Each structure stands twice: as structure tokens, then as C-alpha cells.
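Remarks on the structure that follows.
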Amino acid sequence: MENLTVEEALEQLLCHTKEIEETEEVSLLLARGRILAKDEKAEFDNPPFDRSPVDGYACHFEDLSEAKSDTPVCLKVIEEIDAGQYSDREIKLGEAVRIMTGAAIPTGCDCCVRQEDTDYGEDTVKIFKSKKKWQDYCFQGEDFKKDTVLLKKGTKIGFVETGILASMGRAKVLVKRKVKAAVLTTGDEVMTPGQPLLPGKIYNSNQSLLATRLLDFDVELVRIDTIQDEPQKMAEAIKEIAGQVDLIVTTGAVSVGKKDIMHEALRLIGAERIFWRVLMKPGMPTLFSVYHDVPIVSLSGNPFGVAVSVDVLIRPMLHKMTQDETLAIVHKKCVLKNEFSKKIKGRRYVRAFVDETGVMIPCGLHSNGVLATMAGCNCLIDMQEGRPGIHAGEETEVLLL
């Protein structure tokens, strides 16, 4: 298949993408960003006892009905309970216990009094304020009850989820295995950053751009490599890594030039060619194939083409693999604050910045090989074919990055 629309290409990409079923157990502090592989159900009430939300005194509310600032009630203090301590004693009318925030409230008490409303007494305490029953009182299970599903399978673990899991007593958690991927870039003209730049050469920005974006998506990069512009070399690299990864992404050598080796390399290993060329700019030369059930997405060598394609084409594949809803593409209608005067000959994605006031296209060149003007951008404007450009004040659709 050739010259597919973006939607047709996505259909083929997703058709050959499998959800990852394998799981692994990781320690709680290493679970950030991972996807829960099963429902997490509470095995006990939390807190597991009634507790005080204040530093002060626990007592019977009936004893305090007449308490006022000028006529305090005096109660006998029979014990002090600090956080982490527990008392089996039952507190009777006329008695109180000194209690700290978070400490277990003993039987018989039905309210707590802030120490600011007392004389801070040790053997006896004067209380200057009446209380209602269960006032300043936290009940067992206030946070969650036993057998409640607190986090569902498929939840992405962030700092709040980590706190919830810790409160459940989890030291380890079952999560989905990460997507494993390889990034293979080509081009005899590219050099690794850090080396002196030789005449006729450019630095390999695609490799860093693509690898970093995949890391944004929590992909485990098994191999990152630059391959010589020789079909056999690329074929060997793909064969070598295919059994270790879920996805291979290459950049460059997918068009029709003398050094566009990807077509031949894939033929040498017997990969199944699914499609070539997507009706979008940038990223049109995209080549998609499958080798031993491993999807191989071969992107254009233009830096902006890579930046667009990784979100438009590869991100939905990762969404399906992981079921991570944060990877779902989000589209939004926005009002353009400046203009893009070029006639849209085909489907085009334009770099831009969106905020609550609208969307702004940066000044400067917008060609496929220019990456610098994407700095600070947080969306792509999805421009449909046939528009004579777009002007300030018009509504447009953006893809959030």
C-alpha cells in the first residue's frame, strides 16, 4: 500500500500492534510512571482505629455541655496517649486523656478538645469550650474501608497513587512490563554530538530527539545506534535486535535516493512491507513493515518530520501497547492568534504554542529540516488539505504534545 491518509496509516499501524500482557513486580519507589497490572484492593480499614485530628484531650462530650471561657469544666487526666501508642482503658464520665494528633482514641471518648481551649493541665484539665458528639474525631476507615478497590488496573502510578499504595502497606506492586524499543538512525553524513564537526557533515539530532521522546513515553530503550548507509548493515542490525524488543524505529533512508537503503535492508531480511508514504507533511516518506511480529516504523530523516511522526504515528501504537491513557492523543479547538499564509496543498502539521488565550505559530522557517523554531512549542496545528492558509481569529484544531 502506498500514499495512505493519516487515518489509514494509523489503522494499519494499530492493526499490527499488540497490547503488552507481561507483568513484573517492582518496588514501590520505582513504580512511578508505571501502569498497574491488577486492581489494588484494601485489605484493612485506614486508619485502622479511631484517631485524634488534634493535639489536646479526648473525653465525653456530655461532660462539656456547660463549659465556657469563664466557667470551665474540670476533668481528671488519667493517661497520655502519643501517636503510635494504644490504650485498652475505657474512659468514664469525668475523665479525659491527654492525646496527640494521630493517636488512637480510647473506648468511651466521643470527642476531642484542642489544647488551645484548655489550661494544658496534666493531672486535671480545665476545658473552656463545649463540644458536639464526634466533633474533632476521625473514625476508623475514614480514608478507606477494607475490600474497597482503591486503584484500578490500568492506572498510571504518580505521587498520589504511590502514597495510596504505601498506605495500603504495599512495598512492591505488580505493573505492566515497559515497552522495549530500539532506535536505529542512518546517514553517513551525520556525526555524534561532541565530536569536531567535519566538512559536509551535520550532527545527529534525530537520534537524541527520537530517543528522548520515547523516554517521555516511558519506553525502555534497549538499543540506540547509528548504522552505516549499507543495506546489509541495517539488515543485520534489525535481525540482531528484533528478538529483544517490541518496536523498532529507524530514521532516514526511506525515500528514493541512492542512499535510501531501508527498502533493500527490509527486503534482505524478508520483512513484510505494510505501507510506504503517508499523505502528511512533514513525514510523508514513512515506511512501515513487520519482521517476526515486531513492527518497524521507518521515519523520514528530516528532524521536524521525526518530531511530528513520533507523536502522530508512534504515540498511538504505544498507547495500545501499554493501555496508558496519558498517551492518548488529545485534540483541541483553538483560535489562532496570528496567520499561516501558505496554501495547504496536503495534510500539514504546523508547530505552535497554545495557552488559554489561543494558539500562536512561531516566527521563522517552517521547513521539514528546521527544528530550532519548534523550541517552546507544545502542540501541532492539524491543517487539512485545500485550505488557502489560516488567519488570525479563525478556529483551528491542535494536537497537544
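The values are calculated or read from the model by the stated rules, or taken from the named source; none is laboratory data. Here the structure is a predicted model, which means the values were calculated and not measured. Here the Cβ is made from the backbone with ideal geometry for all residues, glycine too, and neighbour counts use every protein chain on show. These accessible areas exclude ligands, DNA and RNA; they are computed on the full protein's heavy atoms, side chains included. Shrake-Rupley method; radii C 1.70, N 1.55, O 1.52, S 1.80 Å.
Pairs linking a residue in region 342-360 that is on the phi < 0 side of the Ramachandran plot to a residue that is assigned to a loop (DSSP other than H, G, I, E, B) and among the small types (Gly, Ala, Ser), with Cβ atoms under 8 Å and 6 or more positions apart or on different chains, are Lys342/Gly389; Lys343/Gly389; Ile344/Gly386; Ile344/Gly389; Tyr349/Gly283; Phe353/Gly376. Please work out which residue is farthest from Ile390 (Cα to Cα), limiting yourself to region 305-362 and to residues that are among the aromatic types (Phe, Trp, Tyr) and touching a Pro at 6+ places or on another chain (Cβ under 8 Å). Residue satisfying both the conditions and the ranking: Phe353.
Of the residues making up region 167-187, none is assigned to a loop (DSSP other than H, G, I, E, B) and in contact with a Lys or Arg (Cβ under 6 Å, 6 or more places away or on another chain).
Looking for something modelled with pLDDT under 95, of a type in the set (D, E, K, R) and touching an Asp or Glu at 6+ places or on another chain (Cβ under 6 Å) - is there at least one such residue anywhere in region 248-269? Yes: region 248-269 contains one or more residues that are modelled with pLDDT under 95, of a type in the set (D, E, K, R) and touching an Asp or Glu at 6+ places or on another chain (Cβ under 6 Å). Restricting to region 181-203, count the residues that are touching a residue at least 60 places away in the same chain (Cβ under 8 Å), more than 18 Å from Leu371 (Cβ to Cβ) and of a type in the set (A, V, I, L, M). Number of matching residues: 3.
Filter region 165-187 down to the residues that are more than 30 Å from Leu247 (Cα to Cα) and open to solvent by 50 Å² or more (accessible area, probe 1.4 Å), then identify the one that is farthest from the chain's Cα centre (by Cα). So, considering only residues that are more than 30 Å from Leu247 (Cα to Cα) and open to solvent by 50 Å² or more (accessible area, probe 1.4 Å), the one farthest from the chain's Cα centre (by Cα) is Gly169. Counting only residues that are assigned to a strand (DSSP E or B) and surrounded by 24 or more Cβ atoms within 10 Å (Cβ to Cβ), region 277-286 holds 1 of them. Just to verify a result, which residue in region 1-26, among those that are within 30 Å of Asp39 (Cα to Cα) and of a type in the set (A, V, I, L, M, F, W, C), is surrounded by the fewest Cβ atoms within 10 Å (Cβ to Cβ)? So, considering only residues that are within 30 Å of Asp39 (Cα to Cα) and of a type in the set (A, V, I, L, M, F, W, C), the one surrounded by the fewest Cβ atoms within 10 Å (Cβ to Cβ) is Cys15.
Of all residues in region 114-147, those satisfying the criterion of being of a type in the set (A, V, I, L, M, F, W, C) and more than 44 Å from the chain's Cα centre (by Cα) are Val125, Ile127, Phe128.
Only one entry of Ala253, Ala211 meets the criterion of being open to solvent by less than 40 Å² (accessible area, probe 1.4 Å) and over 30 Å from Gly158 (Cβ atoms), and that entry is Ala253.
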